[in-house]
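A short worksheet on the structure shown next.
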Amino acid sequence: MDLEGLRINGERLRNSLEEMAKIGATPGGGVHRLALSDEDKTARDLFVKWLEDLAVEITIDEMGNIFGNRPGKNNSLSPVMSGSHIDSQPKGGRFDGILGVMGALEALRSLDENNIETERPITIVDWTNEEGSRFAPAMVGSGVWTGVLDRDWVYDRTDINGKRFEDELIRISYQGSTPVRKWPTHVYYEYHIEQGPILENEKRIIGGPKGILCLHWYDIFLEGEANQVGPTPMEGRHDALCAAAEMILKVNELPQRMGGDLVATVGEIQNYPNSRNIIPDKVHFTVDIRSWDDDHVMAAWESVREDFENIARQRGCPIRIEETLRVDHAVFDEKLVNRVLTSGKKLGYLTLHMISGAGHDASYMNRICPTAMIFVPSIGGRSHVEVEDTRWEDCEAGANVLLHAILQSANER
Ligand code: GLV
Ligand code: MN
Ligand code: MN
């Protein structure tokens, strides 16, 4: 078999993505498939069914991570691993995460139908709860597997309705019995949409990120004093929502104040009791800060934290702050990144060496084995939204690059 001429089946990849997009489909053309929801379960079931059609050994671990291991000629060699995540953002897109799982599946299907054996085993993976939207923080499946996060701490995380992570994992029947623990891995490839505008602006098809921005998440809890809005004078109020409003603007102003490549966002807020005629006495909101420079993010956080404390004091609203996630910026393996870019060029695509602004399980995998990612363009740079889109031919292009990168690594002795 001429390995150089091997290609994935673009139509089959598209069909798989379209089938998956039906699970949790939203009227606006996206998907709503939150981690450990019924939709996540249905999509996992379909993924497992498709794995059963391949000659892979399926393992589900205590975190609900799903692995499919395709044996190699020499199974004492560590496997090449590739995958991503099946969960989505609320009213998210049809490509984020699932493209990397379906891309790796398509690569395995192509190897199988061409009877191609590799030296090393190849493992496909779906990591549990990459998004961190329903259960914060993000990337907990890979985080526990790589030994960075504690399993029981993650099990006790709750969603906005007070549901425990572990209870929901059991409810959807995906708490496996295999201990969640890393094993020696030769390399890890994650195929993903870019989720930003760079590839499109630069008119390139394949991105090979040199790494991922650091990611800091904080949860802010404010206490105020509830009262009737009519008879209560404006003076002397302790309005937790007004305190939050001031703080949110401080976060928004932070990148301009600090300079560099910093981005800072408040994306989630809960206000209690959330009645138009009660002064709010409890607010929770989130802060997300990212940059390539970890120290820069720490300096930014210290500065905005001081602002928060001043505002809280001035408004008489006690504040409590939790650090929910802190992942340093990841620098991928240079050799592997070059392999992605070279594979892309060989296949005839215009490539770009770039940086990932979005977080990925690859950040944690990068700590235990050489890691690289493959990006394809997001139309209009839109992602985490229902209109998230990527051209089918670009999905196919990225999967071909993934296939050839996997093949090369899997034939290394
Ligand atoms: C992951 O989806 C992120 O927030 O970057
Ligand atoms: Mn993703
Ligand atoms: Mn995402």
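Tell me which residues, restricted to segment 265-318, are under 29 Å from ASN227 (Cβ atoms), part of a strand (DSSP E or B) and not charged (D, E, K, R).
Hits for segment 265-318 are ILE269, GLN270, ASN271, TYR272, ILE278, VAL283, HIS284, PHE285, THR286, VAL287.
Only one of GLY147, GLY224, GLY196 is crowded, with 19+ Cβ neighbours inside 10 Å, of a type in the set (Gly, Ala, Ser), touching a residue at least 24 places away in the same chain (Cβ under 8 Å) and more than 22 Å from ARG320 (Cβ to Cβ); which?
GLY196
Restricting to segment 318-348, name every residue that is among the charged types (D, E, K, R) and under 18 Å from VAL376 (Cβ atoms). Working first, answer last.
Within segment 318-348, the subset among the charged types (D, E, K, R) is 320, 322-323, 326, 328, 333-335, 339, 345-346.
ARG339, LYS345, LYS346 - these are the residues of segment 318-348 that are among the charged types (D, E, K, R) and under 18 Å from VAL376 (Cβ atoms).
Residue check: is SER133 among the polar types (S, T, N, Q), assigned to a helix (DSSP H, G or I) and closer than 27 Å to GLN195 by Cα?
no
Could you tell me whether any residue of segment 127-149 is away from ligand 3 (no atom under 16 Å from the Cβ) and farther than 16 Å from SER363 by Cβ?
No: segment 127-149 contains no residue that is away from ligand 3 (no atom under 16 Å from the Cβ) and farther than 16 Å from SER363 by Cβ.
Check ARG164 against each of (1) of a type in the set (Lys, Arg); (2) within 16 Å of ligand 3 (Cβ to nearest atom); (3) surrounded by fewer than 19 Cβ atoms within 10 Å (Cβ to Cβ) and name the one condition it does not meet.
Among (1) of a type in the set (Lys, Arg); (2) within 16 Å of ligand 3 (Cβ to nearest atom); (3) surrounded by fewer than 19 Cβ atoms within 10 Å (Cβ to Cβ), ARG164 violates only (2).
Restricting to segment 17-37, name every residue that is among the hydroxyl-bearing types (Ser, Thr, Tyr) and either in a helix (DSSP H, G or I) or touching a His at 6+ places or on another chain (Cβ under 9 Å) (or both).
THR26, the sole residue that qualifies.
State all residues of segment 348-377 that are in contact (Cβ under 8 Å) with a residue 40 or more places away in the chain and on the phi > 0 side of the Ramachandran plot; if no residue qualifies, say none.
Answer for segment 348-377, where residues must be in contact (Cβ under 8 Å) with a residue 40 or more places away in the chain and on the phi > 0 side of the Ramachandran plot: there is none.
What about GLU131, is it at pLDDT 95 or above and either within 12 Å of ligand 2 (Cβ to nearest atom) or within 16 Å of the chain's Cα centre (by Cα) (or both)?
Yes.
Looking at this structure, is VAL387 farther than 29 Å from VAL154 by Cα and either at pLDDT below 95 or crowded, with 21+ Cβ neighbours inside 10 Å (or both)?
For VAL387, the condition - farther than 29 Å from VAL154 by Cα and either at pLDDT below 95 or crowded, with 21+ Cβ neighbours inside 10 Å (or both) - is not met.
Only residues that are among the polar types (S, T, N, Q) and at negative phi: list them for segment 120-150, please. Steps first, please.
The initial filter retains those residues of segment 120-150 that are among the polar types (S, T, N, Q), namely 123, 128-129, 133, 142, 146.
If the condition is that a residue be among the polar types (S, T, N, Q) and at negative phi, then THR123, THR128, SER133, SER142, THR146 are the ones that fit.
With respect to GLY316, determine if the residue is farther than 26 Å from TRP127 by Cα and either among the basic types (Lys, Arg) or without any contact (Cβ under 8 Å) to a residue 60 or more places away in the chain (or both). Walk me through it before giving the result.
Numbers: farther than 26 Å from TRP127 by Cα: yes; either among the basic types (Lys, Arg) or without any contact (Cβ under 8 Å) to a residue 60 or more places away in the chain (or both): no.
No; evaluated as a whole, the condition is false for this residue.
Does GLU39 fit the bill of being of a type in the set (Asp, Glu) and farther than 19 Å from ALA410 by Cβ?
Answer is yes for this residue.
Quick check on segment 184-227: of everything there that is of a type in the set (D, E, K, R) and farther than 25 Å from ILE289 by Cβ, which residue is farthest from ligand 3 (Cβ to nearest atom)?
Step one: filter segment 184-227 for residues of a type in the set (D, E, K, R), giving 190, 194, 200, 202-204, 210, 219, 223, 225.
Cutting the leftovers down to farther than 25 Å from ILE289 by Cβ gives us 200, 202-204, 225.
Values: GLU200: 18, GLU202: 22, LYS203: 24, ARG204: 21, GLU225: 38 Å.
Checked segment 184-227; the qualifying residue farthest from ligand 3 (Cβ to nearest atom) is GLU225.
Among the residues of segment 38-90, which ones are closer than 17 Å to PHE135 by Cβ, away from ligand 1 (no atom under 16 Å from the Cβ), of a type outside the set (Asp, Glu) and in a loop (DSSP other than H, G, I, E, B)?
Within segment 38-90, MET63, GLY64, ASN65 qualify.
Give the residues of segment 372-391 that are of a type in the set (Gly, Ala, Ser), under 23 Å from TYR188 (Cα atoms) and within 15 Å of ligand 3 (Cβ to nearest atom), sorted by residue number.
Once the filter is applied, which keeps residues that are of a type in the set (Gly, Ala, Ser), under 23 Å from TYR188 (Cα atoms) and within 15 Å of ligand 3 (Cβ to nearest atom), segment 372-391 yields only SER378.
Can you tell me which condition VAL125 does not meet? The list is (1) within 19 Å of ARG7 (Cβ to Cβ); (2) crowded, with 21+ Cβ neighbours inside 10 Å, and all the others hold.
(1)
Here are the criteria: (1) touching a Lys or Arg at 6+ places or on another chain (Cβ under 9 Å); (2) more than 30 Å from TRP392 (Cβ to Cβ); (3) away from ligand 3 (no atom under 16 Å from the Cβ); (4) not charged (D, E, K, R). Tell me which single one LEU169 does not satisfy.
(1) is the only condition that LEU169 fails.
The values are calculated or read from the model by the stated rules, or taken from the named source; none is laboratory data. Only a predicted model underlies this, so the values are computations on that prediction, with no experimental measurement involved. No Cβ is skipped: glycine too gets one built from the backbone with ideal geometry, and neighbour counts run over all protein chains shown.
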